[in-house]
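The values are calculated or read from the model by the stated rules, or taken from the named source; none is laboratory data. The structure presented is a predicted model; accordingly, all values stated were derived computationally and were not measured. Counting neighbours? That spans all protein chains shown, and the Cβs are built from the backbone with ideal geometry, glycine included. Just so you know, the surface numbers come from the protein's heavy atoms only, side chains and all, with ligands and any DNA or RNA stripped out. Shrake-Rupley method; radii C 1.70, N 1.55, O 1.52, S 1.80 Å.
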Amino acid sequence: MTSVSSLAQHQLKEQILDQVLRFLLDGDWQQIEMQNIANHCGISEPVLRSCYPTLSSITTAVNTRLTETFIQHLDLSSRENLRLSWLDSLDSSSFSNIVRLFIDASQQQSIAWRLANVGWTQFSNLVASKLGYQAVNQDLPWLLGKSMLKFINQRNRS
């Protein structure tokens with residue numbers, strides 16, 4: 001019986017993380033409050049708190065998933081492969097939404113800003129450890145700039 005409830009708890013935790021990621025990637029940052037998350041997941045706040053006791057515990061779990069999702073799109077075997085895989089990955093909605101979060105969240109102090117800041121720091125540290133600080137200081141700003149231009153061009157076509 002414990003494994004069934006454990007499985008159900010795991011599935012509920014995944015559903016909660018999916019909802020919070022949706023809020024983040026849709027730019028709905030003000031929705032990231034315990035009551036709103038519970039309502040959108042169709043559960044009570046006490047049930048939510050049994051999975052994630054605090055908003056901080058939710059954001060920590062979301063940040064881990066966000067960073068993993070972002071990094072899985074990239075080839076960190078060389079600076080050239082990083083640049084190529086980043087530019088290719090901009091066609092993926094999940095990747096481009098995370099890049100938008102990094103860019104957009106930098107404009108305000110919010111939960112999204114904290115998540116983006118932690119995620120970007122983790123990513124930068126990973127790039128530095130694999131490819132060196134030159135990649136962090138030159139390639140990452142260049143890639144963010146290219147991403148912004150692509151987003152602006154897409155917006156102008158809409």
Revision key, fill the gap. For region 34-155, the per residue accessible area (1.4 Å probe, Å²) is 51
Point to revise | the chain, accessible surface, carbon-and-sulfur percent (1.4 angstrom probe) | key: 50
Exercise for review: Only Lys, Arg, Asp and Glu count, each charged at its Cβ (+1, +1, -1, -1), so figure out the dipole size of region 24-100 about its Cα centre, rounded to 20 debye.
Suggested key: 160
Exercise for review: May I ask you to derive the relative contact order of the chain, considering only C-alpha pairs under 8 Å and at least 6 residues apart, and to give it as an integer percent?
Suggested key: 20
Practice item. Could you pull the accessible area for GLU45 with a 1.4 Å probe, rounded to 10 Å²? Key: 50
Review point. Candidates [x] 11, 43, 34, 12, 1; [y] 11, 27, 19, 14, 11, 9, 6, 3, 1, 0; [z] 10, 36, 30, 17, 6, 0; which is the computed P(r) over Cα pairs in 10 Å bins from 0, in percent?
Key: [z]
Practice item. Determine the dipole magnitude for region 62-121: charges of +1 sit on the beta-carbon of Lys and Arg, -1 on that of Asp and Glu, nothing else is charged, the reference point is the Cα centre, and the result goes in debye to the nearest 20. Key: 220
Revision key, fill the gap. Magnitude of the Cβ-charge dipole (Lys and Arg +1, Asp and Glu -1) of the chain about the Cα centre, nearest 20 debye, reported as 260
Point to revise | Relative contact order for region 64-109, counting Cα pairs under 8 Å that sit 6 or more residues apart, in percent | key: 32
Study note, to complete from the structure: Burial-style ranking of 62-68, 123-129, average other-beta-carbon count within 10 Å with highest first, yields 62-68, 123-129
